[in-house]
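The values are calculated or read from the model by the stated rules, or taken from the named source; none is laboratory data. Note that the coordinates shown come from a computational prediction; the quantities given were computed from them, not determined experimentally. Backbone-built Cβ (ideal geometry, glycine too); neighbour counts: all protein chains shown.
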Ligand code: PEP
């Protein structure tokens, strides 16, 4: 299966800057060997999707509601994402878990709704630094997998993507070594194989950049979720080239 390189713009480039960036990205990434996706702010989805229409780059959101419509102030539904032009949505990013009350339960609800509506969820899991130092990494990851996917059918697992993002490596410049990332992704894959007899694509995220991407992507990992380095065309292009 082709690797997936997904950019996470976070709360950057939500207006005209997004459109300009998408124009440059389309020119820079013509025929990638991997799948390429950019997860952009909600307000930028229509412009970026329209610029990237006909290119090999897909557009995603950074969250999706578990509800169809109604009294959910501030939420964006899967139908709205379709309308805006998104095909994917990040679910349960550690910044949302840490700052906006996202839990395994809400991650599960959002993931189920995205699948029901044909939006591909990229479900994020990962341990904090104190959990890693305390030897709790595997326990934490297993409990996040159970919390997010308990009761899922094989057909549902086949339509989602998982991103392993150690919280201590996100936006910190500190990357997991290829060995750490590869071993942890292998553990996650093993858990999923035991749960479902199948493992979906597992990405690594956490300070992946132009210099460390090749090594990380060679460690048995199916792609990358890239924050900071996805905001620079040259860096993002280099990561895509490494995949
Ligand atoms: C992320 O936001 O998912 C991420 C991995 O960020 P960064 O690449 O900046 O660490």
Report task. Go over the candidates 206, 224 one by one and state the one that is in contact with a strand residue (DSSP E or B) (Cβ under 7 Å, 6 or more places away or on another chain), within 30 Å of residue 24 (Cα to Cα) and crowded, with 22+ Cβ neighbours inside 10 Å. Result -> 224
Query raised in the report: In the range 166-180, which residue that is crowded, with 18+ Cβ neighbours inside 10 Å and either within 15 Å of the chain's Cα centre (by Cα) or within 9 Å of the ligand (Cβ to nearest atom) (or both) is farthest from residue 212 (Cα to Cα)?
Result: 167
**Report entry** Residues of the range 204-226 satisfying the condition of being within 16 Å of the chain's Cα centre (by Cα), under 18 Å from residue 34 (Cα atoms) and not in a helix (DSSP H, G or I)
**Finding:** 204, 205, 208, 209, 221, 222, 223, 224, 225, 226
Query - Residue among 91, 48 that alone is closer than 20 Å to residue 236 by Cα, in contact with a helix residue (DSSP H, G or I) (Cβ under 8 Å, 6 or more places away or on another chain) and buried (at least 19 other Cβ atoms within 10 Å of the Cβ) - result: 48
Report task. Could you please give the count of residues in the range 181-209 that are within 12 Å of the ligand (Cβ to nearest atom) and free of Cβ contacts under 8 Å to residues at least 40 places away in the same chain? Result -> 3
Requested in this report: State the number of residues belonging to the range 64-83 that are buried (at least 20 other Cβ atoms within 10 Å of the Cβ) and closer than 23 Å to residue 22 by Cβ.
Outcome: 3
Report task. Could you grab me the full set of residues in the range 17-32 that are in contact (Cβ under 8 Å) with a residue 12 or more places away in the chain and in contact with a helix residue (DSSP H, G or I) (Cβ under 9 Å, 6 or more places away or on another chain)? Result -> 18, 19, 21, 22, 23, 24, 25, 26, 28, 29, 32
Query raised in the report: Residues of the range 176-203 being over 16 Å from residue 122 (Cβ atoms), touching a strand residue (DSSP E or B) at 6+ places or on another chain (Cβ under 9 Å) and assigned to a loop (DSSP other than H, G, I, E, B), which ones?
Result: 176
Report task. Taking residue 156 as the residue in question, decide whether it is under 15 Å from residue 123 (Cβ atoms) and surrounded by fewer than 18 Cβ atoms within 10 Å (Cβ to Cβ). Result -> yes
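Yes/no matrix, rows are residues, columns are (1) over 30 Å from residue 197 (Cα atoms); (2) assigned to a strand (DSSP E or B); (3) at pLDDT 95 or above:
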position	(1), (2), (3)
47	yes, no, yes
65	no, no, yes
114	no, no, yes
121	no, yes, yes
135	no, no, yes
138	no, no, yes
144	no, no, yes
155	no, no, yes
Requested in this report: Confirm whether residue 159 is away from the ligand (no atom under 15 Å from the Cβ) and assigned to a loop (DSSP other than H, G, I, E, B).
Outcome: yes
